[in-house]
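Inspection log for the structure reproduced underneath, given as C-alpha cells.
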C-alpha cells in the first residue's frame with residue numbers, strides 16, 4: 001500500500017496516476033472538502049492533520065510500504081512529520097513538488113518570511129491584496145491594519161472559521177474576498193482593478209498553484225508583487241513530474 005499525502009489538485013492527480021499503474025493507494029488530506037474530492041475520484045482517504053506519531057500509526061495500521069509526500073510547498077510541518085515517520089519505520093520517502101515559479105521582472109520582490117512581506121507592504125502603503133490564505137493573516141493584520149493609509153484586502157477560502165478569524169482580527173467584511181480558486185489571469189486582473197490594488201502579496205506555490213496567473217495579471221497592470229519564498233527544507237531527492245515518481249516506485253518494487 002502506498003500512502004500519498006495530498007490535498008492539492010496535482011497531488012490528487014498523482015494519486016490517480018499511481019493507481020492506474022496498478023498500485024494500491026490511500027491518501028491523506030486535511031479538510032473535508034479535499035476528502036470529498038478524493039471520494040469523487042474513487043480514492044481511499046483519511047482526513048485530518050497528522051503528527052509524526054499519528055503518521056506512524058497510520059502507516060502501521062494500513063501496512064504502508066512507501067510514503068509519497070505531495071503536500072503543498074508551504075506545508076512545512078507536514079513534510080517534516082512525514083520524513084520523521086518514514087525514517088522511524090524505515091520505509092522509503094518520496095517528495096513530489098510543483099516546479100518553482102521563476103521570473104526576473106523588477107515588479108517582483110522576493111522575501112523569506114511572512115513578517116518581511118508585511119513590513120515591506122507597510123512601507124509601500126496603498127491597497128494591499130493578500131493571496132496567502134488565512135493561516136498567517138494575523139501577521140499582516142498586526143502590521144497593516146493600524147495604518148491609516150493602507151487598505152488590506154484578505155482573499156481566502158469562504159469558510160466559517162476564516163470569517164470568524166477575520167472578525168476577531170478586526171478585518172471588515174468589505175475587505176474580505178471569500179472565494180475558492182483556481183483563479184484565471186482574467187479573474188485576477190478583474191479583482192485587482194475592482195479594488196484598485198497597488199501591491200499583491202503571494203506565496204511561491206508554483207505554476208500549478210496558480211501563482212503565475214496572479215503574477216502575470218499583476219504584471220499586465222504594473223502592480224508590484226511581494227513573493228514569499230518556499231521554506232528551505234532538505235527533502236533529499238525531489239521529483240517534479242508524475243513520470244519520475246512512477247519510475248521511482250517501480251525501481252523500489254513496492
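Counting pairs of alpha carbon atoms under 8 Å apart in space and at least six apart in sequence, what relative contact order in percent does the chain give?
20 percent
So what's the back-of-envelope 222 nm ellipticity for the chain, counting only DSSP H runs of four-plus at -39500 (n - 2.57) apiece and dividing by all residues, rounded to 500?
Rounded to the nearest 500, the figure is -12500 deg cm²/dmol.
Identify the residues of region 123-145 with backbone N under 15 Å of a label point that sits 7 angstrom from the Cα of residue 168 along the Cα-to-Cβ direction, or state none.
Residues 134-142 qualify, since their backbone N sits under 15 Å from the label point.
Would you mind checking the tilt of helix 52-61 against the longest principal axis of the Cα atoms of the chain, expressed as 0 to 90 degrees and rounded to 10?
Here the helix axis deviates by roughly 40 degrees.
How high is the relative contact order of region 1-151, in percent, counting Cα pairs under 8 Å that sit 6 or more residues apart? Could the numbers behind the result be given before it?
Numbers: 191 pairs, mean separation 28.3, N = 151.
Value for region 1-151: 19 percent.
Given an 8 Å cut-off on Cα distances and at least 6 residues of separation, report the relative contact order of region 108-228 as a percent.
Details: 190 pairs, mean separation 40.3, N = 121.
It comes to 33 percent, rounded to a whole number.
How would region 88-129 be classified by its alpha-carbon gyration tensor: rounded, prolate or oblate, with rounded meaning a/c under 1.5 and the a/b versus b/c comparison settling the rest? List each step's numbers first, then the result.
Numbers: a/c = 4.34, a/b = 2.21, b/c = 1.96.
Prolate, since a/c reaches 1.5 and a/b exceeds b/c.
Sorted from fewest to most neighbouring beta carbons within 10 Å, what does the list 115, 253 look like? Write down the numbers at each step before the final one.
On the way: 115 15, 253 6.
Least crowded to most crowded, the residues run 253, 115.
Output the Kirkwood hydrodynamic radius of region 19-84, Cα pairs only, in Å rounded to one decimal. It would help to have the intermediate numbers written out before the result.
Values: mean 1/r = 0.0792 Å⁻¹.
Here the Kirkwood hydrodynamic radius works out to 12.6 Å.
Angle check, please: helix 242-252 long axis (alpha carbons) against the longest principal axis of the chain (alpha carbons), in degrees 0 to 90, nearest 10.
Taking Cα atoms only, the helix is inclined about 30 degrees.
By how many degrees, between 0 and 90 and to the nearest 10, does the Cα long axis of helix 185-195 differ from the longest principal axis of the chain?
That works out to roughly 30 degrees.
If you take the square roots of the eigenvalues of the alpha-carbon gyration tensor of region 129-189 and sort them as a ≥ b ≥ c, do you get rounded (a/c under 1.5), prolate (a/b over b/c) or oblate?
oblate
Plugging the Kirkwood radius over Cα pairs into Stokes-Einstein for the chain, at a temperature of 4 °C and a viscosity of 1.567 mPa s, what D comes out in µm²/s? Show your work: numbers first, answer last.
Values: Rh = 19.4 Å.
Answer, rounded: 67 µm²/s.
For 86, 184, which order do you get if you count the other beta carbons within 10 Å of each Cβ and list the fewest first? Mind dumping the intermediate values first?
Numbers: 86 23, 184 12.
Ordered from fewest to most neighbouring Cβ atoms within 10 Å, 86, 184 come out as 184, 86.
Express in whole angstrom the spacing between the alpha-carbon centres of region 176-254 and region 79-146.
11 Å
Arrange 242, 45, 140 by Cβ neighbour counts within 10 Å, fewest through most, would you? Write down the numbers at each step before the final one.
Details: 242 16, 45 21, 140 24.
Fewest-to-most Cβ neighbours within 10 Å comes out as 242, 45, 140.
State the dimensionless ratio Rg/Rh of region 108-228 (Rg: radius of gyration of Cα atoms; Rh: Kirkwood radius). Don't skip to the end; give the middle numbers.
Numbers: Rg = 13.0 Å, Rh = 14.1 Å.
Ratio value, two decimals: 0.92.
Here, each number is a calculation from the coordinates, and none is a lab measurement. This is a predicted model, so every value here is computed, not measured. Positions of Cβ are backbone-derived with ideal geometry, glycine not excepted, and every protein chain shown enters the neighbour counts.
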